[in-house]
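Working notes, beginning with the structure itself.
No lab work stands behind these numbers, since they all come straight from the coordinates. Treat the numbers as computed from the prediction; the structure is a model and nothing was measured. So basically every Cβ, Gly included, is an ideal-geometry build from the backbone, and we count neighbours across all protein chains shown.
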Amino acid sequence: MRLLIMGPQGVGKGTQAAKLAEHFGIPTISTGDIFRYNIKNETELGKQALAFINKGQLVPDELTNSIVKDRLAQDDVKNGWILDGYPRNASQVEALDTMLAELGTPLDAVVALDADRDVLMERMMKRAEIEGRADDTPEAIATRLDVYAKETAPLLDIYSERGQLVSINGVGEIDAIQANIIAELTK
């Protein structure tokens, strides 16, 4: 099973990706985790990413694509994966399509979790409080949700047109949401 998990910040992508990975016996690939790993281990890709991050800039698509391509070529993903945090824009969709074609590993489905903005804001503020994240101010959270709505949410239309989109309400009990996702994926 090769899946993308998409949705706005705070919708529960990471939680559901971990549960689905366990259920299907496949790894979760989080672009955020990949960046942190490469930065921590001072790889060439990590050093390049850090140069942008330290300037408060987004890591360019070309570099993000290289990191994802490298990860998708590793042995532990031969039987499938869940990709979390990528693609984030139309250019990255094209790059992912090319990568998957080169690897001969088609995408099975795109799981899109959604929740009302008020719910997302509340969840993110609670997470910021629990984790002591000073960068998660209401303004910063609102900006990230706006960026998702503008740049990433439109990608769902692409996957819908391809017949790959599975839309799931991200509000409710974690296990119930997982059950809904699995039911839709195994129809």
Which of W81, Q48, V110 sits farthest toward the positive end of the charge dipole of segment 46-130, with +1 on the Cβ of Lys and Arg and -1 on the Cβ of Asp and Glu? Q48
Two decimals is fine: what is log10 I(q)/I(0) at q = 0.15, 0.20, 0.24 Å⁻¹ for segment 26-135, from a Debye sum with one equal scatterer on every Cα and no solvent? -0.80, -1.20, -1.34
Quick one: dipole size for the chain, taken about the Cα centre, charges +1 on Lys/Arg Cβ and -1 on Asp/Glu Cβ, in debye to the nearest 20. 200
Go ahead and estimate [θ] at 222 nm for the chain from helices alone: -39,500 (n - 2.57) per DSSP H run with n ≥ 4, summed, over the residue count, rounded to 500. -16500 deg cm²/dmol
Using the number of other C-beta atoms within 10 angstrom as an exposure proxy, rank R133, R88 with the fewest first. R133, R88
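How much net charge surrounds V171 when only the other residues with a Cβ under 13 Å from the Cβ of V171 are counted, with Lys and Arg +1 and Asp and Glu -1?
Summing Lys and Arg as +1 and Asp and Glu as -1 gives -3.
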Explain nothing, just the number: dipole magnitude of segment 30-79 about its Cα centre with +1 on each Lys and Arg Cβ and -1 on each Asp and Glu Cβ, in debye rounded to the nearest 20. 140
Looking at V147, I174, A134, which one has the Cα that reaches farthest to the positive end of the dipole of segment 118-187 (charges on Cβ: Lys, Arg +1; Asp, Glu -1)? I174
Entries of K13/K69; K19/K55; K69/K150; K69/K126; K40/K187 with Cα pairs more than 31 Å apart: K19/K55; K69/K126; K40/K187
Hey, got the dipole for segment 114-187? About the Cα centre, +1 on K and R Cβ, -1 on D and E Cβ, debye to the nearest 20? 180
Find, to one decimal place in angstroms, the Kirkwood hydrodynamic radius of the chain, where the mean of 1/r is taken over every pair of different Cα atoms and then inverted. 17.2
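With a ≥ b ≥ c the root eigenvalues of the C-alpha gyration tensor of segment 1-61, is it rounded (a/c under 1.5), prolate (a/b larger than b/c) or oblate?
Prolate.
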